[in-house]
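In what follows, a structure is listed as structure tokens, so that the remarks can point back to it.
The values are calculated or read from the model by the stated rules, or taken from the named source; none is laboratory data. Keep in mind that what you see is a predicted model, and the values were worked out from it rather than measured. Don't worry about glycine lacking a Cβ; one is built from the backbone with ideal geometry, like all the others, and counts go over all protein chains shown. Note: accessible area is taken over every heavy atom of the protein model, side chains too, but ligands, DNA and RNA are not part of it. Shrake-Rupley method; radii C 1.70, N 1.55, O 1.52, S 1.80 Å.
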Amino acid sequence: LRIWVPGCATGEEAYSIAMIISEVSEQQGSKAECKIFASDIDKEAIGFARNGVYPEGITTDVSPERLERFFIKDDQQYRVKKHLRDMVVFADQNLIKDPPFSKVDLISCRNVLIYMNQDMHKQLLSVFYYALNKGGFLMLGASESISGFEQAFRPNDRECNLYRRQSDGMAAGVSH
């Protein structure tokens with residue numbers, strides 16, 4: 001399983017996905033390998049994410065069970081455990097200029113497109129289409145859309161803003 005989290009900031013989304021994948025894998029007794037590629041243009045944020053140390057305030061967003069399972073309490077901070085950090089590869093990346101990760105099964109790009117103008121929005125949706133495996137998933141933020149790419153991505157779960165890549169979407173005349 002290959003997952004890409006573009007615009008990952010300080011890593012919370014990437015680590016959250018890693019936690020969910022870890023839990024589901026355990027529940028299903030799966031030994032499938034998962035690699036999460038998390039990228040951002042902000043080198044300082046990437047450094048923070050790689051370090052995997054968060055303030056005590058995360059207790060308001062992370063359940064006590066997950067804190068115990070995935071973090072080590074260190075004074076007033078929580079450090080992500082090594083097995084979870086090993087699932088995530090953080091990289092400096094400019095989404096507009098640098099090549100994307102490829103052959104991914106899921107792209108979780110929540111609240112990145114809202115900062116882009118319409119031309120960049122279209123460019124990135126095209127990049128995401130080509131980065132995803134056939135049948136792969138694209139998850140966007142609540143305020144984002146696939147506008148102009150309806151033939152490339154089919155809604156899978158409207159409430160979660162989750163879309164599935166169509167194998168012939170770009171060939172059907174949606175080229176940007």
- Matching residues, the stretch 36-60, being open to solvent by 60 Å² or more (accessible area, probe 1.4 Å) and either touching a residue at least 40 places away in the same chain (Cβ under 8 Å) or in a strand (DSSP E or B) (or both): I41, K43, R50, P55
- Which of the residues belonging to the stretch 94-152 are open to solvent by less than 30 Å² (accessible area, probe 1.4 Å), in a loop (DSSP other than H, G, I, E, B) and not aliphatic (A, V, I, L, M)? G141, E144, F149
- Residues being open to solvent by 40 Å² or more (accessible area, probe 1.4 Å), part of a loop (DSSP other than H, G, I, E, B) and touching a residue at least 40 places away in the same chain (Cβ under 8 Å) - total across the stretch 64-93: 0
- Can you pull out the residues in the stretch 13-35 that are open to solvent by 50 Å² or more (accessible area, probe 1.4 Å) and in contact (Cβ under 8 Å) with a residue 12 or more places away in the chain? A32, E33, K35
